[in-house]
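FYI, it's all coordinate maths here, none of it is from the lab. Keep in mind that what you see is a predicted model, and the values were worked out from it rather than measured. Cβ placement follows ideal geometry from the backbone for every residue including glycine, while neighbour counts extend to all protein chains displayed.
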Amino acid sequence: MVSRSVVIKIFPFVFIYVILITAAISINIFLQNAGCKWLLRYLGIAGTVLIIFSFVYSLRKRKIIKFGKAKLLLQIHELMAWTGSLLILIHAGFDFDAVIPRMAVFAMLVVVASGITGKYLLKQAKESLKERRAELMAKNLSPDEIEKELFALSLIADKMQMWRTVHIPLTLIFAAFALLHIITILLFWRW
Amino acid sequence: MVKHTVLISFLSAFAIGLIGILMFPYYTINPGVVIEDHTMLKNDCLFCHSLGKGVQTEKCIKCHKPTEIGLRLVNGMDRVDLNNKSNLLHQSIIDIQCFDCHTEHNGLSRENATLKFRHDILTVELQSECMKCHQLQKPLDDIHTYLVLNCSECHSNKSWVPSNFKHELLGERINGCKSCHESKRPADVLHKSLGNSVQCVQCHNTNSWKPSTFDHSNNFRFDNNHPSDCTNCHKLDKSFETYTCYNCHEHNPARIEKKHLKEGIRNFGNCVECHRSGEKDDAINSDDEKRL
């Protein structure tokens, strides 16, 4: 029951996420068929630049830099990382010839998904937990009974709490594969 | 601790990726399938690529000598299916690189390795000698047999159609429309009834069939009492070159004769010679000659 209500709240985000991936791949196919393959290359560069600049927030958070308001920088981080990821996804499309860039894209998608979890889904789960607890307390259940009822929801919320555990290492894995991809392109491609 | 985990993630991924690239470059970094003839080179990137410079023509022509393309295989054996056109083309290329026309990692088929051909890569001499490559494409119709001109007089080097044919090129044959356009002659009564003495250029020009320059008011102007219904004056079973005005109660032959004779006009058989409209006072050529 509790799990179902959480799923209902989570579903729109998963749906939007899948739609965005599909849309990006469709745009890639469209641009290829429209003879604009060259544009895809530049979308990759633009996406990478946006993602690199989105890390200003990470530097501010770790006090490596001092300027800027953390909240504003977080919003910029989200916006730039989202836009950059979308551009990179359009750049990559549905092409599975080379493993390294594929791994980079896969890691990027997981990073974005964990970011969404941190920003939206965790909040949703916490709110559900709070609402349900209030309902149960209104029914005059004992604290033990309430905890028992909320066990599944608490577990979900706890798991979601761990989004950072995935977000940051995966970002670095994404960075490693993306860097290898960029290096090999610079070495082998003719600009 | 967290910092170490993050650093380890980065370094591990980088190391694994790097080992993968060094051991299996074709599976880790190749952007697409190479053509079938290059399959044996698929893990030897540097056979074609130069680090930092991409693919260079110097590496291609080590195997694909421009003087032998189309005539010999890269192993030096003569080709069974000689392609003199390809040989001529590659020998006539001005200073460009192979990758301007060819690509790789685009699928197994050799067809996929050729991008769109551009004529401007050829020497000016060959560009002006279309027939050296396109002899088999020349149509066998009358016009292409008659005209011994350079193709570029009518065609561009982007595509054969649309052509920019100018009728002036036909010289003295410019009025022989029917030799080319007979099949396009409209099947209407007007065009069917026109005799062989009538030339297309009397109503049409060489820029386009429509609009035609035919103006009925040069012969007779229509009005409410004389509408543009052909059969009012022209008998369907006869040519449009003939007509009659005696088809209504107003133009009774006996009355017309009487009126003209009263005016001293005896030669009144061809009405429109004097009457170019239904206006009674609009008659022309009512000179003495008609009164004879």
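Among the residues of the range A:60-78, just one is within 14 Å of chain B (Cβ to nearest Cβ) and of a type in the set (A, V, I, L, M), namely A:ILE64.
This table checks each residue for (1) surrounded by 13 or more Cβ atoms within 10 Å (Cβ to Cβ); (2) part of a helix (DSSP H, G or I); (3) of a type in the set (D, E, K, R); (4) in contact with a Ser or Thr (Cβ under 8 Å, 6 or more places away or on another chain).
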{"site": "B:SER179", "(1), (2), (3), (4)": "no, yes, no, no"}
{"site": "B:THR206", "(1), (2), (3), (4)": "yes, no, no, no"}
{"site": "B:PRO211", "(1), (2), (3), (4)": "no, no, no, no"}
{"site": "B:ARG221", "(1), (2), (3), (4)": "yes, no, yes, yes"}
{"site": "B:SER228", "(1), (2), (3), (4)": "no, no, no, no"}
{"site": "B:THR231", "(1), (2), (3), (4)": "no, yes, no, no"}
{"site": "B:THR242", "(1), (2), (3), (4)": "no, no, no, no"}
{"site": "B:VAL272", "(1), (2), (3), (4)": "yes, yes, no, no"}
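Taken over the range A:79-130, the residue count meeting the criterion of being within 13 Å of chain B (Cβ to nearest Cβ) and either in contact with a Lys or Arg (Cβ under 9 Å, 6 or more places away or on another chain) or among the acidic types (Asp, Glu) (or both) is 5.
Evaluate the following for B:VAL161: is it outside any helix (DSSP H, G or I), under 30 Å from B:CYS248 (Cβ atoms) and among the aliphatic types (A, V, I, L, M)?
Considered against the rule, which asks whether it is outside any helix (DSSP H, G or I), under 30 Å from B:CYS248 (Cβ atoms) and among the aliphatic types (A, V, I, L, M), B:VAL161 comes out as no.
Looking across the range B:21-44, just one residue is part of a helix (DSSP H, G or I), within 7 Å of chain A (Cβ to nearest Cβ) and surrounded by fewer than 18 Cβ atoms within 10 Å (Cβ to Cβ), and that is B:TYR27. The set of residues in the range B:111-124 that are surrounded by fewer than 12 Cβ atoms within 10 Å (Cβ to Cβ), in a helix (DSSP H, G or I) and not β-branched (Val, Ile, Thr) comprises B:GLU111, B:ASP120.
Looking across the range A:166-182, the residues that are of a type outside the set (Gly, Ala, Ser) and facing chain B (nearest Cβ under 9 Å) come down to A:ILE168, A:PRO169, A:LEU170, A:THR171, A:LEU172, A:ILE173, A:PHE174, A:PHE177, A:LEU179, A:LEU180, A:HIS181.
The rows are residues; the columns are (1) touching a Leu at 6+ places or on another chain (Cβ under 7 Å); (2) among the aromatic types (Phe, Trp, Tyr); (3) free of Cβ contacts under 8 Å to residues at least 12 places away in the same chain.
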site	(1), (2), (3)
B:VAL80	no, no, yes
B:LYS85	no, no, no
B:ILE93	yes, no, no
B:ILE96	no, no, no
B:HIS102	yes, no, no
B:PHE117	no, yes, no
B:ILE121	no, no, no
B:CYS130	no, no, no
